[in-house]
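To start, the structure under review is shown below, and the notes come after it.
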Amino acid sequence: MMKIDEKRIAMLMKTLDITREEALELEGYDADVAADKKTQYDLSPEQQKVASEMARADVEVGKRKSTRKPNELKEAIVREIAEFLSEDALGQMYEAVQIANANRTITFSVGEKRFELNLIEKRAPKP
């Protein structure tokens, strides 16, 4: 038998505008939940499975992948720089020239060292 906290029962009755019996029932329910006992409001295993599937579906719907409009100018610049490094550059032997990201990154090596070149387009200054 649980010990009844009369102050808490009085507070529940006043705050929630409920009877003493309802307050005692509420305290008993809270004690069962705290003790991890099964209550009349728990979902059945089938209901729990459906709820889990629905929760997972909501998360998947929220994961809409946005696609950026391709920046044709940046892609052309990246291609031209990669072509220059692999064919026309005279100062060094650029090897393994690859476009890692069509809008931004070229990777290459010179001897034993690896490099990454990023093209960044600056925004127009605010007026």
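Throughout, read-outs are computed from the coordinates displayed, never taken from laboratory work. From a predicted model like this one, the values you see are computed outputs, not experimental measurements. Counting neighbours? That spans all protein chains shown, and the Cβs are built from the backbone with ideal geometry, glycine included.
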Working from the pairwise distances between different alpha carbons, so that the mean of 1/r is found and then inverted, what is the chain's Kirkwood radius in Å? 22.2
Can you work out the FRET efficiency for the pair residue 40 and residue 19, with r the C-beta to C-beta distance and R0 = 25 Å, to the nearest 0.05? 0.85
Can you give me the Kirkwood hydrodynamic radius for the range 6-61, using every pair of distinct Cα atoms, in Å to one decimal? 13.7
Residue 117 versus residue 7, label points 7 Å from Cα toward the beta carbon: distance in nm? 7.5
What whole-number distance in Å separates the alpha-carbon centres of the range 86-124 and the range 1-28? 73
What is the fewest-to-most order of 104, 20 by other Cβ atoms lying within 10 Å of their Cβ? 20, 104
For the range 72-118, the Kirkwood Rh over every pair of distinct alpha carbons, in Å, works out to 10.6
